[in-house]
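To start, the structure under review is shown below, and the notes come after it.
The values are calculated or read from the model by the stated rules, or taken from the named source; none is laboratory data. In this text, all values refer to a predicted model and were calculated from it rather than measured experimentally. We place every Cβ from the backbone using ideal geometry, glycine too, and count neighbours over all the protein chains shown. Surface accessibility is based on the protein's heavy atoms, side chains included, excluding ligands, DNA and RNA. Shrake-Rupley method; radii C 1.70, N 1.55, O 1.52, S 1.80 Å.
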Amino acid sequence: MILYKEFSFDSAHFLPHLPEGHPCKELHGHTYKLIVYIEEKELQPEGWIMDFKDVKQSVLPFIHQLDHKLLNNIEGLDNPTSELVAIWLWRKIKPQLPGLKRIELKETPGSGVIYEGE
């Protein structure tokens with residue numbers, strides 16, 4: 001069974017490796033949506049995979065590091081594409097949630113990435 005929980009955060013960024021004139025080379029912002037998926041083979045005695053509260057407590061510290069921040073200033077995110085932000089989040093969240101199966105990071109309602117680990 002796979003459980004999921006959605007989070008959102010607002011951040012600004014620019015993509016320095018793009019050619020001059022590309023709009024994403026300039027400073028701009030997004031309201032990101034992050035969905036974490038946790039897979040477990042067996043239910044806990046309570047009848048669930050995991051308490052949603054525990055998922056939230058495991059993920060929020062990393063969301064707070066990104067929320068209302070310039071992503072380029074975050075260590076390891078000097079070129080914060082959606083792909084690289086997803087990898088950064090995976091590396092932070094996975095030790096907290098060993099059952100983490102996938103993360104989905106939406107930069108806009110219609111655009112995003114899905115990452116399933118290394």
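Suppose accessible area is computed on protein heavy atoms with a 1.4 Å probe; arrange Trp48, Trp88 from highest to lowest.
Trp48, Trp88
Between rounded, prolate and oblate, where does the chain land on the alpha carbon gyration tensor, with a ≥ b ≥ c its root eigenvalues, rounded for a/c under 1.5, else prolate if a/b exceeds b/c?
prolate
I want to make sure I understand the PRE zone here: with the label point 7 angstrom from the Cα of Trp48 toward its beta carbon, which residues in the range 96-110 have backbone N atoms less than 17 Å away?
97-100
For Tyr37, tell me the accessible area in Å² from a 1.4 Å probe, rounded to the nearest 10.
Result for Tyr37: roughly 40 Å² accessible.
For every other residue with a beta carbon closer than 14 angstrom to the beta carbon of Pro16, add +1 if it is Lys or Arg and -1 if Asp or Glu, then tell me the sum.
With Lys, Arg at +1 and Asp, Glu at -1, the neighbours total -2.
Sequence-distant or interchain residues sharing an amide H contact under 5 Å with Lys101, placed H: which?
Long-range HN contacts for Lys101: Tyr37, Ile38, Glu39.
Using only Cα atoms, locate the centre of the range 68-84 and the centre of the range 1-52, then give the distance between them in Å, rounded to an integer.
13
Would the range 1-63 count as rounded, prolate or oblate if I go by the C-alpha gyration tensor, calling it rounded below 1.5 in a/c and otherwise prolate when a/b exceeds b/c, oblate otherwise?
Prolate shape, in that a/c is at least 1.5 and a/b is the bigger ratio.
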